[in-house]
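Comments concern the structure below.
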Amino acid sequence: MADSAKPRKIRKKKLGSYPFASVIFSISMALFVLGLFALLLLHANRLQAIIQENLEVQVFLDRDLSEANRIKISKTLASKRYTAAKDNKAQIRYISKEEAAEGFLDNPDEEIALLGDNPLRDSYVMKLKPEYYQADSLEMIKSEIQQTSGIFEVTYVKSLVESVNENLAKIGLILLGFAILLLIVVLVLINNTIKLALFSQRFLIRSMQLVGATSRFIRKPFLTRAFLHGVLAGVVASALLYALMQWAYTRIEDLHLLADWRNSVIVFAALIIAGGFVGWYSTWRAMNKYLRLSLDELY
């Protein structure tokens, strides 16, 4: 009786091929977590800059100062190296004593009438560049400005500045520690994922060695595919992060004010490059291990 069963097809394994879907997924998730932390750092830095930009120095003027002298002081303050600028315009605001009274007193006209005279002074409120919001820099600025003719006093909220700088320093150290720890975990995870994926190819690698294939010939297809898989994982991670950012900006009010698209694009590009490099390097290390294994160690 003739056997009517169709002959079973033997699927040939292609050198360098392995279940790449799980590898790409694992690398994508690892890069996603790393990229998410990088974006959190960017937003934290942007928040720090906004906080520092809103810290102000008040410059009180002498009484009965002429308009010409007031304008001269304004130009002097605007020309200082530490004065912040926006759209090529110095961040200096003039507040007359009448305006100050409106914000300081409940009933300005009545209370000033009782006092006989407005006790407040004309002043300038100026914003500084972020790098000058340090205790020693602020004291230097205060001393320098007070030497200007026509200026009565320079003040800033010293306790607030010290509190902000101290808290930002603590947060920076904590985030840096987490970043280093997370980077190590991600690298170990990707390395182990690729090593396990290549484990199924160890006998094929041995077979290629037995027929005389050189180590370079055996490595090449594995390294090429690992690099492409890493790049693809980086693209997937970047796309997920972009989608998450867009969702967060629509759900959390004013979060878009912390957006830093230029550096965000750099993060996405870094993830793609890092994915390709880490995939290639981890595969290279794993290949070296399997190429050196003896027959007994393969089992």
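The values are calculated or read from the model by the stated rules, or taken from the named source; none is laboratory data. None of these values were measured; they are calculated from a predicted model. No Cβ is skipped: glycine too gets one built from the backbone with ideal geometry, and neighbour counts run over all protein chains shown.
Quick notes on this one:
- Flag for Ser137 being outside any loop (DSSP other than H, G, I, E, B) and modelled with pLDDT under 75: no
- Flag not set for Asn191, criterion: touching a residue at least 60 places away in the same chain (Cβ under 8 Å) and within 30 Å of Ile50 (Cα to Cα).
- Evaluation of Asp62 against (1) closer than 20 Å to Glu144 by Cβ; (2) without any contact (Cβ under 8 Å) to a residue 12 or more places away in the chain; (3) not hydrophobic (A, V, I, L, M, F, W, C) (one fails), failing number: (2)
- Boolean, Ala269 is at pLDDT 75 or above and either assigned to a helix (DSSP H, G or I) or closer than 24 Å to Ser26 by Cβ (or both): yes
Results for (1) among the hydrophobic types (A, V, I, L, M, F, W, C); (2) at pLDDT 90 or above; (3) not assigned by TED's automatic domain parsing to the domain that holds Met287, shown as yes or no for each residue.
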site	(1), (2), (3)
Leu198	yes, no, no
Phe203	yes, no, no
Met208	yes, no, no
Phe217	yes, no, no
Lys220	no, no, no
Ala237	yes, yes, no
His256	no, no, no
